[in-house]
Amino acid sequence: MKNSLLILLALAGCPSPPDDTRSLAPYVADECAWASRCGGIGLHECYWLLEGDDLTWLVGGLEANGLADRVSCVAEATTCDEYLSCAPSLEEIFAGPVDQHVCPGDRESVCTGDFLLWCFGSDGWPAPAGASPTVVVDLRTIGKVCADDQRIIDAEPVECVAGTDSCDGSLLRYCDELGASVTSDCRDLDPEFTCWLDGDQARCGLRPAEPTCPEAGGSARCEGDAAVVCAAGKEYVVDCAAVGARCQPIDASEAVCAP
């Protein structure tokens, strides 16, 4: 989970595509191919970030600390040593001003001042009290503020009905229990994504979903040396051969780029 989270956050800060529409999708394949080839992470596990509706607001908020350098390095890597030595590392990019913050010990995340701290221990549980955060997000860069130590809301709230989700085109809006809005743009994940309602829950994804992709759950399968990953109703192709690997199925819904 920690590695997937760091990959998510690294990609969340990637530079804008040429049409100036910020999105994760164009940059996921390279990072996930190398992460799978060199670290063994499952390709669908890596692509879960495109199904993380509650994390869309992070996208574009971390466009600093050498992210463009990392994207270029990953694109030019030819070996695992080169990929793993790409600077800055995921940890360096997203550690932020950790010397200014410490984890509370009883939560995986906490809002303090203008910052969101993500505190994941090595065992997946909350990091111990006093530990440095795994990730520090400056909420001011993404138009959000801390309402209290557990609530993140829009800096410019939109009127909404407490406890409900809604869609406005590609905008996904959650209204918390106290009636404060938290707004995301699904196009930050993929420029083709929109917001849609799954019962009373708003989600991001391709609508209608591609016929070959399941509505929920997602999957990764092998087609020769490439993997076809279904995430949020859309197919994505990961070229394992491009990183000196072959596509290897793990089970019916997961695959890796294996050496």
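The values are calculated or read from the model by the stated rules, or taken from the named source; none is laboratory data. This one's a predicted model, so the numbers in the text were calculated from it and none came from an experiment. Methodologically, a virtual Cβ is constructed for each residue, glycine included, from the backbone with ideal geometry; neighbour enumeration extends over all protein chains shown.
Annotations
- Leading residue by the ranking (modelled with the highest pLDDT) among those in the stretch 67-95 that are among the aliphatic types (A, V, I, L, M), crowded, with 20+ Cβ neighbours inside 10 Å and over 24 Å from P259 (Cβ atoms): L67
- The strands (runs of 3 or more DSSP E) located wholly in the stretch 220-259 that include 3 or more residues which are in contact with a strand residue (DSSP E or B) (Cβ under 9 Å, 6 or more places away or on another chain) and over 23 Å from D190 (Cα atoms) occupy 246-251.
- Of residues in the stretch 118-174 being among the acidic types (D, E) and touching a Gly at 6+ places or on another chain (Cβ under 9 Å), the one surrounded by the fewest Cβ atoms within 10 Å (Cβ to Cβ): E159
- Pairing each residue of the stretch 242-258 that is touching a residue at least 24 places away in the same chain (Cβ under 8 Å) and surrounded by fewer than 18 Cβ atoms within 10 Å (Cβ to Cβ) with any residue that is of a type in the set (A, V, I, L, M) and outside any strand (DSSP E or B), provided the two are 6+ apart or on different chains, yields C-beta distances under 6 Å for A258/A245.
- Strands (runs of 3 or more DSSP E) (entirely within the stretch 165-207) containing at least 1 residues that are free of Cβ contacts under 8 Å to residues at least 24 places away in the same chain and farther than 25 Å from Q150 by Cα: 194-198
- Entry remark, the stretch 96-114: residues being surrounded by 18 or more Cβ atoms within 10 Å (Cβ to Cβ) and either at pLDDT below 75 or within 18 Å of the chain's Cα centre (by Cα) (or both) number 2 in total.
- Looking across P128, P157, one residue alone is closer than 17 Å to S109 by Cβ and free of Cβ contacts under 8 Å to residues at least 60 places away in the same chain. It is P128.
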